[in-house]
Structures are given as C-alpha cells and as structure tokens.
1. Please order 87, 62, 81, 106 by the number of other Cβ within 10 Å, starting at the fewest.
2. Please report, in debye to the nearest 20, how large the charge dipole of the chain is about its Cα centre when each Lys and Arg carries +1 at its beta carbon and each Asp and Glu carries -1 there.
3. Name the long-range amide H neighbours of residue 20: under 5 Å, sequence gap of 5 or more, or other chain; modelled H, no Pro or chain starts.
4. Computed from these coordinates, which is Rg and Dmax of the Cα atoms in Å: (i) 19.4, 73; (ii) 15.5, 53; (iii) 14.0, 42?
5. Which whole-number percent is the relative contact order of the stretch 4-130 (Cα, under 8 Å, 6+ apart)?
6. How would 42, 79 line up from fewest to most surrounding beta-carbon atoms within 10 angstrom?
7. Give me the angle, in degrees from 0 to 90, between the Cα long axis of helix 86-96 and the longest principal axis of the Cα atoms of the chain, rounded to the nearest 10.
8. Order by neighbour count: 112, 3, 56, fewest other Cβ atoms within 10 Å first, most last.
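Laboratory data are not the source of any read-out in this text; all were calculated from the coordinates shown. Predicted, not measured: the structure shown is a model, and the values here were computed from it. Note that each Cβ is placed from the backbone with ideal geometry, even for glycine, and that neighbours are counted across all protein chains shown.
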Amino acid sequence: MAIVADHMSSNVLTVAPETTVADAARRMADRGVGAVLILEGTRLLGIFTERDVLKIVAAGLEAGQTMPVSSLMTRYPETVELTSTTEEAAALMVHGGFRHLPVVDEGAVVGIVSLRDLMRFELASGAAGAA
C-alpha cells in the first residue's frame, strides 16, 4: 500500500499571512507550483492556490498589490499524515473539491501532495503492472 510520504513534495513554498497576494502569486509562478501554505511560525493557518489567484484577477489586479494573502486563503485546510495512504489522500481531494493537501507529522507541516503527484504515481503503477 502506497503512502503519502513517498509521493509528496517536501520542498514546500510557504509565506506569512501578511504577504501580499501579488507577492504570493509571483512566488508561485517563479517556483512553478499551484499552491502556497500560509504559516505563522510553524502553525498552518491556510492554503492559497491558483483558484484564489483567479479571484483577485476577477476583482481587479490592483487589489492584489496590497491585499494580504490571509484575506483570500482557505483557512485551516484539510491535511493528511505522512502515513496516510495515497488512496485516502485522493479520496479527500476528490470529495473536498481541491487539488493540494498539506502533509503533517504530529501537527507540523512536512510537505504537500497534489492530485498531479498522485496521478503520476497511479500512472507509473499502472504502467509497471501492465508490463
């Protein structure tokens, strides 16, 4: 049984709650990622994703220059443990309608797993099983 720890990214992009939306979006683009975790110290406060960027574009880009990311983030997002199965993570994402899950170990953020990560694994597993 595959676990999240084997398929997550541990190189997580994080910002503070007062970071502007524009800065968070710029950092996401620079890193080529679809989500940034909002931390206060080591405590997970929220997640800001590509979908949130669309909200600020719809509201007018100038607002993102000064608006803090905390005003648009999803507060206290669902998380999975390092030892959660990939099936559990995928089910949570599908049923919750989101594409990124913070990964925690005893409450501390240690990574993030995306639907893309899980699809990559599933496709590789299917190819290996078909051989």
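1. Starting with the residue having the fewest Cβ neighbours, the order is 106, 62, 87, 81.
2. Charge dipole of the chain: 380 debye, to the nearest 20.
3. Amide H neighbours of residue 20: 69.
4. Read-out from the structure maps to (ii).
5. About 29 percent, as a whole number.
6. In order of increasing Cβ crowding within 10 Å: 42, 79.
7. Around 40 degrees separate the two axes.
8. With the fewest neighbours first, 112, 3, 56 line up as 3, 56, 112.
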